[in-house]
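Comments concern the structure below.
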Amino acid sequence: MHPFLGLIRHDLRLAGRQGGDIGLVLGFFVLAVILFPFGIGPEPELLRRVAAGIIWVAALLAAVLSLDRLFAADYADGGLDLIALSAMPLELAVLAKGAAHWLTTGLPLVVVSPVLALFVDLDPAALPSLVLGLLLGTPAMSLIGAIAAALSLGARRPGVLLTLLVLPLYLPPLIFGTAAVEASLSAEGARAHLLLLAALTLAALPLAPLAAAAALRQALD
Amino acid sequence: MLSTLANPARFMRISGVALPWLGSASAVVLALGLVWSLVLAPPDYQQGESVRIMFIHVPAAWMALSVYLFVAIASAVALVWRHPLAEIAAQAAAPIGAAFTLICLATGSLWGRPMWGAWWVWDARLTSVLVLFFLYLGYIALVNAFDDASRGGRAGSLLALVGIVNLPIIKFSVDWWNTLHQPASVLRLGGPTIDASMLVPLFVMAVGFALLFAWLLLLRMRTALNERKARALRLYGVPDREQPIPAARPAWR
């Protein structure tokens, strides 16, 4: 098996055996969305108006929550040194790590989002653009998050630092994601915003592993 | 030029000479610009006297962007050539840039209240400048987050390069999106749309801000270099001057 696929399988297997991480992220996502109707009141018109924003913000925070374990465990037990020393380019290893992170956090969020859309009374006509937007946008969030996770390896308080680093960089997917839902309900259509989301992910696909691998090399020096 | 200044000792010598000149020049130009823009320049026909906020706001915004560009270029130089002063320069410039960004946001808010009727509007220009402020804060936090200072410096340099994607977004946000913030009126094709009676004091203020930045930058870089020197001396066992020198003990026993 190619080491790229091997690394993904290794990470997936770890996530599957530990189990807790996927559950934690999903639980946080669901709870965060459910808290909003309590906070802003149960009126359906109000909820429908802010539904897409609630789901996107909750998904973003859930993704941030899981970022610190992207490289931290491998960094702590020395596995990251072995990965860096292997014949596979470190950029490819970062891509594998990011892919595994997306499969264990981003994809479950996408799958659960239609159910949560019911809780916040999202217009059914907007559902496809919400799910498609999350599907296109969450890979970019995993990839950009990998840069921040690599930069903050070994820092004194990585959690707070990671959040501060990553939130400004997460604004573009958030803006285009919620705009896509908004636009799908008007004559404009969600197409342009979804294309921009796809562009973000496609740009992050080659660039983010470059930056994250450079950051990992600094951390392992 | 760069390689001449790469030697920290030579940098200390040259910057020591330049420092008082830069400081007094920025004080004189800023005093001139403040009197000119806050007293002598005519009030705007629409905005009235509140247009005077712009003489602070616009140069601060220019500096906020330029200083980030400076931090990013210095970071690139530090990463590529391991230039000893580039990293110090980037780290010294970042808090100054964050301060300019904060001044820009605060004055814009003060101007927006009477003009737009709101302290804050979530339009593309304002949002992207707020993101710039958080990028500065993230850079400063990352640089100081490690026990090993050189690791923090290199991680910060990488972050500065990643954050540079925000600069074109800020610059062109008023063209790409339909914003409440007015489009570019000074640096545009077809010349500025501002009358000379306001444009000249605006440029005087901009020059004053740039001189202030240069002065603060050199001051902070010299402080950082002196701190490093003091730390190195302490590591080598040279005692602080305040502490009594311990009794001599032969090292060979």
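Which pairs have Cβ atoms under 8 Å, sit 6 or more apart or on different chains, and link a residue in the range A:129-154 that is on the phi > 0 side of the Ramachandran plot to one that is at pLDDT below 90?
A:GLY154/A:TYR75; A:GLY154/A:ALA219; A:GLY154/B:PHE146; A:GLY154/B:ARG151
Among the residues that make up the range A:152-169, is at least one of them under 12 Å from the mean Cα position of the chain (by Cα), in a helix (DSSP H, G or I), surrounded by fewer than 24 Cβ atoms within 10 Å (Cβ to Cβ) and facing chain B (nearest Cβ under 10 Å)?
Checking the range A:152-169: at least one residue is under 12 Å from the mean Cα position of the chain (by Cα), in a helix (DSSP H, G or I), surrounded by fewer than 24 Cβ atoms within 10 Å (Cβ to Cβ) and facing chain B (nearest Cβ under 10 Å).
Does A:PHE4 satisfy the condition of being under 21 Å from the mean Cα position of the chain (by Cα) and either free of Cβ contacts under 8 Å to residues at least 60 places away in the same chain or open to solvent by less than 10 Å² (accessible area, probe 1.4 Å) (or both)?
Answer is no for this residue.
All but one of (1) within 11 Å of chain B (Cβ to nearest Cβ); (2) open to solvent by 30 Å² or more (accessible area, probe 1.4 Å); (3) under 19 Å from B:SER173 (Cβ atoms) hold for A:ALA199; state the number of the condition that does not hold.
(1)
Of the residues that make up the range B:72-84, is at least one touching a Phe, Trp or Tyr at 6+ places or on another chain (Cβ under 8 Å) and part of a helix (DSSP H, G or I)?
No, the range B:72-84 contains no residue that is touching a Phe, Trp or Tyr at 6+ places or on another chain (Cβ under 8 Å) and part of a helix (DSSP H, G or I).
Restricting the search to the range A:170-221, which residues are farther than 28 Å from B:GLY153 by Cα and outside any helix (DSSP H, G or I)?
A:LEU185, A:SER186, A:ALA187, A:GLU188, A:GLY189, A:ALA190
Would you please name the residue that is surrounded by the most Cβ atoms within 10 Å (Cβ to Cβ), looking only at residues in the range A:82-117 that are touching an Asp or Glu at 6+ places or on another chain (Cβ under 9 Å) and closer than 20 Å to A:ASP221 by Cβ?
My answer is A:LYS97.
Take the residues of the range B:108-125 that are at pLDDT below 85 and touching a Ser or Thr at 6+ places or on another chain (Cβ under 8 Å): which is surrounded by the fewest Cβ atoms within 10 Å (Cβ to Cβ)?
Filtering first and then ranking leaves B:TRP119.
If I filter the range A:49-57 for residues that are free of Cβ contacts under 8 Å to residues at least 24 places away in the same chain, farther than 20 Å from A:VAL166 by Cα and more than 21 Å from the chain's Cα centre (by Cα), do I get at least one hit?
Checked the range A:49-57: at least one residue is free of Cβ contacts under 8 Å to residues at least 24 places away in the same chain, farther than 20 Å from A:VAL166 by Cα and more than 21 Å from the chain's Cα centre (by Cα).
Report whether or not A:ASP21 is at pLDDT below 85 and either loosely packed, with under 15 Cβ neighbours inside 10 Å or closer than 17 Å to A:LEU107 by Cβ (or both).
yes
Kindly list the number of the only condition in (1) without any contact (Cβ under 8 Å) to a residue 12 or more places away in the chain; (2) over 23 Å from the mean Cα position of the chain (by Cα) that fails for B:SER50.
Checking B:SER50 against (1) without any contact (Cβ under 8 Å) to a residue 12 or more places away in the chain; (2) over 23 Å from the mean Cα position of the chain (by Cα), the one that fails is (1).
A:PRO37 is checked against (1) surrounded by 12 or more Cβ atoms within 10 Å (Cβ to Cβ); (2) under 23 Å from the mean Cα position of the chain (by Cα) and fails just one. What number does that condition carry?
For A:PRO37, the exception is condition (2).
Go through (1) within 14 Å of chain A (Cβ to nearest Cβ); (2) at pLDDT below 90; (3) farther than 18 Å from B:GLN47 by Cβ one by one and return the number of the condition B:TYR139 breaks.
It is condition (2) that B:TYR139 fails.
Taking A:ALA126 and the conditions (1) closer than 20 Å to A:ALA62 by Cα; (2) open to solvent by less than 40 Å² (accessible area, probe 1.4 Å); (3) modelled with pLDDT under 90; (4) more than 14 Å from chain B (Cβ to nearest Cβ), which numbered condition does it fall short on, given that it satisfies the others?
With respect to (1) closer than 20 Å to A:ALA62 by Cα; (2) open to solvent by less than 40 Å² (accessible area, probe 1.4 Å); (3) modelled with pLDDT under 90; (4) more than 14 Å from chain B (Cβ to nearest Cβ), A:ALA126 is out only on (1).
List pairs: first residue in the range A:86-97 and under 15 Å from A:SER142 (Cα atoms), second residue surrounded by 17 or more Cβ atoms within 10 Å (Cβ to Cβ) and of a type in the set (Asp, Glu) anywhere in the structure, Cβ distance under 8 angstrom, at least six positions apart or on different chains.
As it stands, the answer is A:ALA96/A:ASP11; A:LYS97/A:ASP11, since those pairs meet every condition given.
If I ask for residues that are of a type in the set (Lys, Arg) and either more than 7 Å from chain A (Cβ to nearest Cβ) or in contact (Cβ under 8 Å) with a residue 40 or more places away in the chain (or both), which ones from the range B:142-168 would you list?
Across the range B:142-168, the qualifying residue is only B:ARG154.
For the range B:94-127, give me the residue count where each residue is in contact (Cβ under 8 Å) with a residue 24 or more places away in the chain, within 14 Å of chain A (Cβ to nearest Cβ) and farther than 27 Å from A:ALA215 by Cβ.
Looking only at that region, the number is 4.
Against the conditions (1) within 14 Å of chain A (Cβ to nearest Cβ); (2) open to solvent by less than 40 Å² (accessible area, probe 1.4 Å); (3) farther than 23 Å from B:LEU219 by Cβ, where does B:LEU130 fall short? Just the number, please.
Only one criterion is unmet by B:LEU130, namely (2).
Within the range B:40-58, is there a residue that is hydroxyl-bearing (Ser, Thr, Tyr) and either open to solvent by 40 Å² or more (accessible area, probe 1.4 Å) or closer than 14 Å to B:ALA98 by Cβ (or both)?
Checked against the condition, which is being hydroxyl-bearing (Ser, Thr, Tyr) and either open to solvent by 40 Å² or more (accessible area, probe 1.4 Å) or closer than 14 Å to B:ALA98 by Cβ (or both), the range B:40-58 yields at least one hit.
Only one residue in B:LEU79, B:LEU167, B:LEU105 is buried (at least 19 other Cβ atoms within 10 Å of the Cβ) and modelled with pLDDT under 90. Which one?
B:LEU79
Picking from A:ALA192, A:ALA204, A:ALA183, which residue would you name as being more than 8 Å from every other protein chain (Cβ to nearest Cβ), crowded, with 21+ Cβ neighbours inside 10 Å and of a type outside the set (Val, Ile, Thr)?
The conditions single out A:ALA204.
All but one of (1) in contact with a helix residue (DSSP H, G or I) (Cβ under 6 Å, 6 or more places away or on another chain); (2) more than 19 Å from A:LEU210 (Cα to Cα); (3) of a type outside the set (Lys, Arg) hold for A:LEU92, so report the exception by its number.
It fails just one condition, (2).
The values are calculated or read from the model by the stated rules, or taken from the named source; none is laboratory data. Keep in mind that this is a model prediction, so the values were computed, not measured. Note that each Cβ is placed from the backbone with ideal geometry, even for glycine, and that neighbours are counted across all protein chains shown. With ligands, DNA and RNA removed, areas are computed over all heavy atoms of the protein, side chains included. Shrake-Rupley method; radii C 1.70, N 1.55, O 1.52, S 1.80 Å.
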